[in-house]
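S.K.: Sharing a structure with you now.
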Amino acid sequence: MKLYTYFRSSAAYRVRIALNLKGIDAEQIPVHLVRHGGEQRLPDYLALNPAGLVPTLVDDDLVLPQSLAIIEYLDEIQPELPLLPGPPAERARIRAIASAIACDIHPISNLRVLQYLQRELGISDEQKNAWYRHWTGVGLAAVETLLATSPATGDFCHGAQPTLADCCLVPQVFNARRFNCDLSAMPNILRIVGNCDAIEAFQRAAPGRQPDAE
């Protein structure tokens, strides 16, 4: 199994967490998203992932993009310690929290969007960072409400064990902190991320622990 990854990509970070939680070894192949104009745009990589994004998982003949699809695949081939546990309603709640992060927050504040804002629309670094903080703050505030208003929230986003939702939350908060987002009104998020940070699987997935870290 091979994972095409970039140390600071939150989507790749999610998958690294899931691999570690599952105890699945995958060879990491770095794809630098900035160097040489972005290695994700090179023909060899585009042949694997036409979107030019990370991560991409290769497992024998399977070539799979999209972090959520990858994590669900890992959950199905290695069902022990499920990342989508419980009956349908509980699994749906976990997916809803994960999607609020991976589908609502991440797409409008990831690297290619920020690069477009600067290169094509000519906004300044200050304006770019304001964009990031605004949309990340709006999205995480919604996640905080989802967590605060449900009795299903426990030590983690859902119950007493990490799930798909936590795999998504931790990388998003890592990036929010990089951009100096104000998280002070999000006690549930901060508590859950603190619990995740105490787990070795999350620690080993952190950007600073990756072979391509800069």
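The values are calculated or read from the model by the stated rules, or taken from the named source; none is laboratory data. These figures come from a predicted structure and were not determined experimentally. In this analysis, Cβ positions are derived from the backbone assuming ideal geometry, glycine residues included, and neighbour counts consider all displayed protein chains.
S.K.: Residue by residue through the range 147-158, note down the ones that are assigned to a helix (DSSP H, G or I) and crowded, with 18+ Cβ neighbours inside 10 Å.
M.R.: Within the range 147-158, the subset assigned to a helix (DSSP H, G or I) is 147-148.
Across the range 147-158, the qualifying residue is only Leu147.
S.K.: Next up: Give the residues of the range 179-214 that are of a type in the set (Lys, Arg) and either free of Cβ contacts under 8 Å to residues at least 40 places away in the same chain or within 20 Å of Tyr73 (Cβ to Cβ) (or both), sorted by residue number. Write out each step before concluding.
M.R.: Keep residues of the range 179-214 that are of a type in the set (Lys, Arg), which gives 191, 204, 209.
If the condition is that a residue be of a type in the set (Lys, Arg) and either free of Cβ contacts under 8 Å to residues at least 40 places away in the same chain or within 20 Å of Tyr73 (Cβ to Cβ) (or both), then Arg191, Arg209 are the ones that fit.
S.K.: Just a yes or no: is a residue in the range 95-111 farther than 16 Å from Val193 by Cβ, among the basic types (Lys, Arg) and crowded, with 17+ Cβ neighbours inside 10 Å?
M.R.: Taking every residue of the range 95-111 in turn, at least one turns out to be farther than 16 Å from Val193 by Cβ, among the basic types (Lys, Arg) and crowded, with 17+ Cβ neighbours inside 10 Å.
S.K.: So, one more: Please find, within the range 1-23, the residue that is nearest to the chain's Cα centre (by Cα) out of those that are within 11 Å of Ile70 (Cβ to Cβ) and either aromatic (Phe, Trp, Tyr) or assigned to a loop (DSSP other than H, G, I, E, B) (or both).
M.R.: Of everything passing the filter in the range 1-23, Tyr4 is nearest to the chain's Cα centre (by Cα).
S.K.: Has the range 159-169 got any residue that is farther than 21 Å from Lys22 by Cα and either surrounded by 13 or more Cβ atoms within 10 Å (Cβ to Cβ) or touching a residue at least 40 places away in the same chain (Cβ under 8 Å) (or both)? Spell out how you get there, then give the answer.
M.R.: Start the filter on the range 159-169 by keeping residues that are farther than 21 Å from Lys22 by Cα, which leaves none.
No; the residues of the range 159-169 include none that is farther than 21 Å from Lys22 by Cα and either surrounded by 13 or more Cβ atoms within 10 Å (Cβ to Cβ) or touching a residue at least 40 places away in the same chain (Cβ under 8 Å) (or both).
S.K.: Report yes if Ile71 is under 16 Å from the mean Cα position of the chain (by Cα) and either of a type in the set (Phe, Trp, Tyr) or modelled with pLDDT of 95 or more (or both), otherwise no.
M.R.: On the way: under 16 Å from the mean Cα position of the chain (by Cα): yes; either of a type in the set (Phe, Trp, Tyr) or modelled with pLDDT of 95 or more (or both): yes.
Yes.
S.K.: Considering only residues that are without any contact (Cβ under 8 Å) to a residue 24 or more places away in the chain and either within 16 Å of the chain's Cα centre (by Cα) or assigned to a helix (DSSP H, G or I) (or both), which ones fall in the range 24-39?
M.R.: Within the range 24-39, Arg35, His36, Gly37, Glu39 qualify.
S.K.: If you scan the range 17-38, which residues turn out to be surrounded by 14 or more Cβ atoms within 10 Å (Cβ to Cβ) and more than 16 Å from Thr163 (Cβ to Cβ)? Step through it out loud before you land on a result.
M.R.: First pass over the range 17-38, keeping only residues surrounded by 14 or more Cβ atoms within 10 Å (Cβ to Cβ): 17-22, 24, 26, 28-33, 38.
Those that are surrounded by 14 or more Cβ atoms within 10 Å (Cβ to Cβ) and more than 16 Å from Thr163 (Cβ to Cβ): Ile24, Ala26, Gln28, Ile29, Pro30, Val31, His32, Leu33, Gly38.
S.K.: Still on this structure, please answer the following. So, in the range 53-81, how many residues would count as being assigned to a loop (DSSP other than H, G, I, E, B) and crowded, with 17+ Cβ neighbours inside 10 Å? Walk me through how you get there before you give the answer.
M.R.: Quick first cut of the range 53-81, residues assigned to a loop (DSSP other than H, G, I, E, B) only: 53-55, 60-61, 66, 78-81.
Subsequent filtering for residues that are crowded, with 17+ Cβ neighbours inside 10 Å retains 53-55, 66.
Residues that pass the stated criteria total 4.
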